[in-house]
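Here you go, one structure.
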Amino acid sequence: MSTLIALSDIISSGIEKIAARCAASGDAYPTLDDPYTLANNSVQSRYASDAAPIIAAAYQLIATLSNPDPYLFTWGLVSFFNASVAVASEGCVPDILREAGPKGLHVDSIAAKNKMDPGKLGRILRLLASRHVFTEVSPDVFCNNRISKALCTGNSPTVMMEKPLERWNGSNGTSAMAEWCGIDALKMAAFLVDNVTDPETAHSQEPNKASVQRVFNTDIDFHSWQQKPENAYRRNRFQHMMRSLTYYSSEDASSGGVEWASLPPKSIVVDVGGGIGTLTMDLVAQHQHINYVVQDLPSAIAQARTYWSTTNPDALRNGQVHLREHDFFAPQPLTNPSVYMLRYIMHNWPDAYCIKILSHLRDAAGPSTQLFVLDHILDYLSRDTTGLNDDIPGAARPMAPEPLLPYPDSVTEYGYLMDILMMGELNSQERTLKHFETMFRKAGWKLERVCRFPAPHPQQLICSPL
Ligand SMILES: C[S@@+](CC[C@H](N)C(=O)[O-])C[C@H]1O[C@@H](n2cnc3c(N)ncnc32)[C@H](O)[C@@H]1O
């Protein structure tokens, strides 16, 4: 019982702390009934570090108060939750309900618009409402709440259904993320057991021997497979999805961590494997004195051109941002910049491939070029600190009070989920700090320091040439 009381104390004292801080600063902390806005997302992000132990304690309470068997069965069926979010999003339900307004819409009317079966759709929306995505306002009548509003693209459902390649244009990317998770990632998860037990693939470190190859019956790696002409829709969805990772707190992504503001004017930052330039877009908004080059494969750069010419055409016109095709497994053409920046690239590739990418950057680096790697850093979930690289500046972080797991963001952090996603997608992984440090050294880079971000943002690892 003392554990339960300790956990509930963490929750109540944590909420009191947030309430006091909100009262002092005039912030209104959003509830599920509030709209989804950048302003209230930003309030929530400001309190992310205070909220993390509360969320961790709530998860631990659920685990403690549940019988083990139903606890495991509930998690066991969670794939149907992911799939249901994808059904709702694919069927444009969030935008149909956005157009319907706060009174919501009967499921028969929703289904008449998206051509789904009303009986099945109603059951799917009810499952989601039971986990606080959508609200059932009266029997079979659903409306959006703050969470389902995040899935709105802002586009007309009719246009979304008629022009699938344009359905996520101008959106926050969250519906693209929900659909990718509930369709493609879910299938990778379904084949994980086969892949890690089959002697042919069990010990492979090759990106073309992951479970995704079983799903799509291919022998090429996920990113090369996405480049095929028949995968234009998936590729498009993937790049929109990447935007959702920072959209809700884009200011934090570009102002937190590393001291961008202190880079000299006209410094060149190369966003290697930058996708459509999502992170660069955030940085440009706040750090006008820097010049940026976004590099990626041809299809991503083509998509980036559309994205930038509708979102920030001036940055292309005035030369502050250049979009360039480049395969990061080939020698790096842009030599001696201030910074090479790689976000969510290292976690895509097994060590030997990362070392190849980083070695090309090392060969092209000047003596003062910095390497910024933005990725999750995994912690062991033990309170034993033996062998941690806490001597690296910025690496150490405070432990959460017992009886919580050692770090308060263990559940708000995406790292542990992403780690297994990467196993299924590319036979790759998230890494511990020690693992990063060793891998960087093999490629000729010295890990100088770490800039921590509140979860679920990735952390920044700053390196200099060895
Ligand atoms: C997980 S996404 C990260 C995108 C971007 N850095 C971000 O954080 O939004 C991985 C990116 O790597 C790109 N990529 C994959 N293989 C590549 C290669 N050989 N050369 C260059 N880019 C590549 C993909 O097209 C994709 O945009």
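Report, in whole Å, the centroid distance computed from the Cα atoms of the stretch 188-258 and the stretch 148-177.
Cα centroid of the stretch 188-258 versus Cα centroid of the stretch 148-177: 21 Å apart.
Based on Cα positions only, what radius of gyration and what Dmax would you give for the chain, in angstroms?
22.7, 67
A further question follows. Read phi for every residue in the stretch 355-364 and hand back ³J(HN,Hα) as whole Hz from Karplus 6.51 cos²θ - 1.76 cosθ + 1.60, θ = phi - 60°, with x for Gly and Pro.
Result, rounded to whole Hz: 5, 5, 4, 5, 5, 4, 5, 5, 4, 8.
Right, here's the next one. Just to be sure I understand: if I project the alpha-carbon convex hull of the stretch 244-465 onto a plane and average over all orientations, what area do I get in nm²?
Here the figure is 12.1 nm², rounded to one decimal.
Moving on. Starting from the Cα of THR3, step 7 Å along the direction of its Cβ; do the same at THR438; then give the gap between the two resulting points in nm.
It is 3.3 nm.
Keeping every protein chain present and rolling a 1.4 Å probe, give me the accessible area per residue for the chain in Å².
46
Of the peptides 394-400, 56-62, 277-283, how do they stack up when ordered by the mean number of other Cβ atoms within 10 Å, highest first?
Per-residue mean Cβ counts within 10 Å order the peptides as 277-283, 56-62, 394-400.
Please report Rg over Rh for the stretch 174-240, where both radii come from the alpha carbon positions and Rh follows the Kirkwood definition.
My calculation puts Rg/Rh at 1.00.
So in the stretch 244-465, what percent of DSSP beta bridges are antiparallel if you round to the nearest 5?
35
Also, quick follow-up: Any idea what Rg and Dmax come out to for the stretch 2-74 if you just take the C-alpha atoms, in Å?
14.9, 45
Take the Cα atoms of the stretch 18-112, build their convex hull, and give its volume per residue in Å³.
Considering the Cα atoms of the stretch 18-112, their hull volume per residue is 157 Å³.
Going by average Cβ density within 10 Å per residue, which order do the peptides 370-379, 19-28, 89-98 take, highest to lowest?
Ranked from most to least packed, the peptides come out as 89-98, 370-379, 19-28.
Next question. When you count, for each residue, the other Cβ atoms within 10 Å and take the mean per peptide, how do 426-433, 165-172 rank with the highest first?
Top to bottom by mean Cβ count within 10 Å: 426-433, 165-172.
Given a Förster distance of 41 angstrom, what is the FRET efficiency for HIS203 paired with THR306, based on the Cβ-Cβ distance and rounded to 0.05? Working shown, then result.
On the way: r = 42 Å, r/R0 = 1.02.
Result of the calculation: an efficiency of 0.45.
Moving to a separate point now. How much of the DSSP beta bridge set in the chain is antiparallel, as a percent to the nearest 5?
Antiparallel: roughly 45 percent of the beta bridges in the chain.
Carbon and sulfur atoms: what percent of the 1.4 Å accessible area of the chain do they account for?
Within the chain, the accessible surface is 58 percent carbon and sulfur.
List every residue whose amide H lies under 5 Å from the amide H of GLN370, counting only residues 5 or more places away in sequence or on a different chain, with H placed 1.01 Å from N in the peptide plane.
VAL339, TYR340
Further question on the same structure: Short version: ³J(HN,Hα) in whole Hz for each residue of the stretch 386-394, in order, from phi by Karplus 6.51 cos²θ - 1.76 cosθ + 1.60 (θ = phi - 60°), x for Gly and Pro, what are they?
Along the stretch 386-394, the couplings run 4, x, 6, 8, 6, 6, 6, x, x Hz.
Rounded to whole Å, give me the distance from the Cα center of the stretch 445-466 to that of the stretch 321-343.
The stretch 445-466 and the stretch 321-343 have Cα centres spaced 19 Å from each other.
Can you list the residues, at least 5 places off or on another chain, whose amide H is less than 5 Å from the amide H of LEU323, using H built in the peptide plane?
Hits under the 5 Å cutoff: VAL294.
Quick one: 3J(HN,Hα) in Hz for the stretch 307-324, Karplus 6.51/-1.76/1.60 with θ = phi - 60°, rounded, Gly and Pro as x.
4, 6, 6, 9, 9, 8, x, 4, 4, 6, 4, 8, x, 6, 10, 10, 10, 10
The values are calculated or read from the model by the stated rules, or taken from the named source; none is laboratory data. Please read all numbers here as calculations on a predicted model, not as lab measurements. Using ideal geometry, Cβ is built from the backbone for each residue, glycine included, and neighbour counts are taken over all protein chains shown. With ligands, DNA and RNA removed, areas are computed over all heavy atoms of the protein, side chains included. Shrake-Rupley method; radii C 1.70, N 1.55, O 1.52, S 1.80 Å.
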